[in-house]
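Worksheet: one structure, shown below.
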Amino acid sequence: MVLILTIFNSETDIFPTTNNNYNVPSSSLPESSPESLPQTPNISNTIKSKEFLKSLTSWAVKTHSDFEGIPKDCRTLLKFDKSLKKDITLIDPGQYYHFGLKQGILESLKREKNSENYLVDGNILKVSVNIDGLPLTKSSSSQIWPILACLDNLEYSVPFPIGIYHGKTKPENSNNFLNIFVEEFQAIKTTGVNLNSTNFQVKISKILCFAPAKAYVLNVKGHT
């Protein structure tokens, strides 16, 4: 919740009357009792104080029922899981978080509306993988390199993230960037993925990249 309080200097004429006619009938102004407003005997001394902000918050919650139940801290509203920090891997010159290929496959299977579609191609799940980089803003070099996947032979499959790298530049070494994903796929390729007593074999059908990303992943000279 963000409350913006605009304070005008008492000496400033907000409604100048020179060459203008701003006649506002007093009957059109909303009535408010002094008890309904926060007590601010000295604005200049208390505007930055915690006491005034607390008083303003209490007044807003009491006056506007829509604010009830809103936490005081935005982190509570976002429900940020601090335990996720330990799963972040440092990959020079940035950071990488691995969501998991297996986790994405299981979520895609659970979303599938028709269970008979699981049996397409004899319980073999074909995975398309996409790797590319994109900037986050125009004002900085901050960028992300997501590894995305999609199941080709499921009717309602949607792309899901396997892992995402963030840094000021792309990962220095593509092998380090892809290492966690490759190790997980090798394990899944051997054991498969189990859901509802059914074992699904996983195969990568294709890896999709634009020319610059393809050269980066393959560690070859770019096209320019």
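Table: residues versus (1) surrounded by 14 or more Cβ atoms within 10 Å (Cβ to Cβ); (2) in contact (Cβ under 8 Å) with a residue 40 or more places away in the chain; (3) not hydrophobic (A, V, I, L, M, F, W, C).
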{"site": "S141", "(1), (2), (3)": "no, no, yes"}
{"site": "I144", "(1), (2), (3)": "yes, no, no"}
{"site": "G163", "(1), (2), (3)": "yes, yes, yes"}
{"site": "V202", "(1), (2), (3)": "yes, yes, no"}
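Given the criteria hydrophobic (A, V, I, L, M, F, W, C), touching a helix residue (DSSP H, G or I) at 6+ places or on another chain (Cβ under 8 Å) and surrounded by fewer than 17 Cβ atoms within 10 Å (Cβ to Cβ), does V193 qualify? Spelling it out, it is not the case that V193 is hydrophobic (A, V, I, L, M, F, W, C), touching a helix residue (DSSP H, G or I) at 6+ places or on another chain (Cβ under 8 Å) and surrounded by fewer than 17 Cβ atoms within 10 Å (Cβ to Cβ). Output the residues belonging to the stretch 146-161 that are buried (at least 17 other Cβ atoms within 10 Å of the Cβ) and either part of a loop (DSSP other than H, G, I, E, B) or of a type in the set (D, E) (or both). Answer for the stretch 146-161, where residues must be buried (at least 17 other Cβ atoms within 10 Å of the Cβ) and either part of a loop (DSSP other than H, G, I, E, B) or of a type in the set (D, E) (or both): L154, S157.
Selection of first residues in the stretch 178-189 that are farther than 13 Å from Q201 by Cβ and of second residues that are among the hydrophobic types (A, V, I, L, M, F, W, C) and surrounded by fewer than 19 Cβ atoms within 10 Å (Cβ to Cβ), restricted to Cβ pairs under 6 Å at least 6 apart or on distinct chains, gives an empty result. Checking each residue in the stretch 166-183 for being surrounded by fewer than 16 Cβ atoms within 10 Å (Cβ to Cβ) and either of a type in the set (K, R) or not in a helix (DSSP H, G or I) (or both) picks out K168, T169, E172, N173.
Quick grid of which residues meet (1) polar (S, T, N, Q); (2) more than 23 Å from G133 (Cβ to Cβ); (3) part of a loop (DSSP other than H, G, I, E, B):
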| site | (1), (2), (3) |
| --- | --- |
| F185 | no, no, no |
| I188 | no, yes, no |
| N194 | yes, yes, no |
| V202 | no, yes, no |
| S205 | yes, no, no |
| K214 | no, no, no |
| G222 | no, no, yes |
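Condition test on V220, is it aliphatic (A, V, I, L, M) and touching a helix residue (DSSP H, G or I) at 6+ places or on another chain (Cβ under 6 Å)? For V220, the condition - aliphatic (A, V, I, L, M) and touching a helix residue (DSSP H, G or I) at 6+ places or on another chain (Cβ under 6 Å) - is not met.
Read the figures in this text as sums done on the coordinates, not as results from a lab. Since the structure is predicted, the reported quantities are computational estimates derived from the model, not experimental observations. FYI the Cβ positions are ideal-geometry reconstructions off the backbone, even for glycines, and counts take in every protein chain you see.
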